[in-house]
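Before any comments, here is the structure.
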Amino acid sequence: MILVLSDRIGTMADKIVTTEKLLADTLIVLTGNANLGSSSSTTGVALTKPLDGTIASKNTAPTIEMSTSSTTYLLYASTEPTFGDTTTISLYIESANGLTTSWEKVVNFTGSNSTIYIAVKSIDVNNKISSLSNGVKLTLQ
């Protein structure tokens with residue numbers, strides 16, 4: 001009985017995470033940009049800050065810098081470097097200060113984990129979404 005319930009809980013968790021990712025991608029359409037996300041950018045993006053292995057505060061969001069000039073992006077935060085469905089959340093960030101207001105969600109998601117991985121998809125001025133950037137490992141303190 002316990003094994004059956006465990007399998008069902010695992011399946012439900014997978015569906016919840018998949019739904020959260022879809023909602024994050026759908027949210028960008030609801031912001032008033034009807035064509036946002038309708039086609040992907042042909043260019044990728046690199047996450048240049050924070051550096052891999054950086055120690056980050058649980059109370060203060062790190063500075064995000066990308067190889068593009070975009071200040072609008074989807075932030076992916078995960079407890080695993082593979083950014084799997086069950087271990088990842090995604091957040092829509094609209095400005096340089098946007099992560100500051102959303103950082104608490106990232107910290108709460110990680111729970112007792114002190115290591116997290118982040119990556120981004122930038123959204124350019126033509127409303128094109130890049131592919132997922134490189135992953136960066138952060139240690140939370």
(message) Per 0.36 nm of contour for each residue apart, how much would the distance between N134 and L51 grow if the chain were fully extended, relative to their Cα-Cα spacing?
(response) 28.8 nm
(request) Could you line up L99, L51, L3, L75 from fewest to most neighbouring Cβ atoms inside 10 Å? (result) L3, L51, L99, L75
(request) Pull out the extension gain between R8 and E80, defined as 0.36 nm times the separation in residues minus the alpha carbon to alpha carbon distance; nm, one decimal. (result) 23.7 nm
(request) Starting from the Cα of T71, step 7 Å along the direction of its Cβ; do the same at N126; then give the gap between the two resulting points in nm. (result) 2.2 nm
(request) Decide, for segment 86-134, between rounded, prolate and oblate: order the square roots of the alpha carbon gyration tensor eigenvalues as a ≥ b ≥ c, take rounded if a/c falls under 1.5, and otherwise choose prolate if a/b is larger than b/c, else oblate. (result) oblate
(message) Within 15 Å, Cβ to Cβ, of L51, how many net charges do the neighbouring residues add up to if Lys/Arg are +1 and Asp/Glu are -1?
(response) 0
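Taken together, the values in this text are just the output of simple stated rules run on the coordinates, not laboratory data. Everything numeric in this text was worked out from a predicted model, so none of it was measured. Positions of Cβ are backbone-derived with ideal geometry, glycine not excepted, and every protein chain shown enters the neighbour counts.
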